[in-house]
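Below is one structure; the comments refer to it alone.
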C-alpha cells in the first residue's frame, strides 16, 4: 500500500470518527448519559461503530510496507514505575471524586446484564481508542521531532472530544499528554490503556451502580 493511501485512510477514519461522535452526541446529553436505557443503547452503538472505523486505520498501519509497528506489545520500563503509579492514583482519584459529586439515584431502571454489557463494550472501546491514537496517529507523525508528534496527537485527541462538552474537551489536553508520555516512556501503549481505563471505569461504574435494578429485559 502506498503512503498516500495509508494517510488517506488515517484522515478518512479520523473525520468519520468525528462525524459519528457528532451525529450520536445530538441524541445524547453527555451530562445525563445514563438517564435512560435508550441512551445506554446509543452509547453502545457509538462505541462499537467507532471501534469498526478505527480498526480500518489500525489494519492499514499494520500492513504498511517497511514500517515497524511501535508500541503494540506490552512493555514496562521500571525506571518510570513511580511516575506511572502516581498518574494511576491521580486518575483514580479524579474519577472517584467526579462520580461522588455527580452521583444520584436515578428514577429509571437497568438490569445488571445491561450494566455489565455496557462496561465491557466501554473497555473494548478504550483499548481500540488508545490503539488508534497512541499507535496509529502518534506513529504517523513520528518522522517529526517527538515533541511535535505529541502536540499534533494531543490536538487530534482534543478534537475528538469537541462534541463531548467544553469541560471534557479541555480536560482531554493534559490527559492526552499523559497518555502520550506513558506510551513513549514505556515504549508500549498498554500503560496508557491502563491509565485510560482507571480514569473512566470508577466514574462510570459508580454512576451505573446508582441506578435501580429491574427484571425487565431491554434490547441492546
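The values are calculated or read from the model by the stated rules, or taken from the named source; none is laboratory data. Treat the numbers as computed from the prediction; the structure is a model and nothing was measured. Positions of Cβ are generated from backbone atoms using ideal geometry, with glycine treated the same way; all protein chains shown enter the neighbour counts.
Descriptive notes on the structure:
- Which numbered condition residue 170 misses (of (1) buried (at least 21 other Cβ atoms within 10 Å of the Cβ); (2) in a helix (DSSP H, G or I)): (1)
- Just one of (1) farther than 23 Å from residue 78 by Cα; (2) touching a residue at least 12 places away in the same chain (Cβ under 8 Å) fails for residue 195. It is (1).
- When region 58-76 is limited to residues that are buried (at least 17 other Cβ atoms within 10 Å of the Cβ) and outside any loop (DSSP other than H, G, I, E, B), the one that is modelled with the highest pLDDT turns out to be 58.
- Exclusive hit being farther than 20 Å from residue 98 by Cβ and under 14 Å from the mean Cα position of the chain (by Cα), set 149, 178, 159, 140: 159
- So residue 124, is it loosely packed, with under 14 Cβ neighbours inside 10 Å and either at pLDDT 90 or above or part of a loop (DSSP other than H, G, I, E, B) (or both): yes
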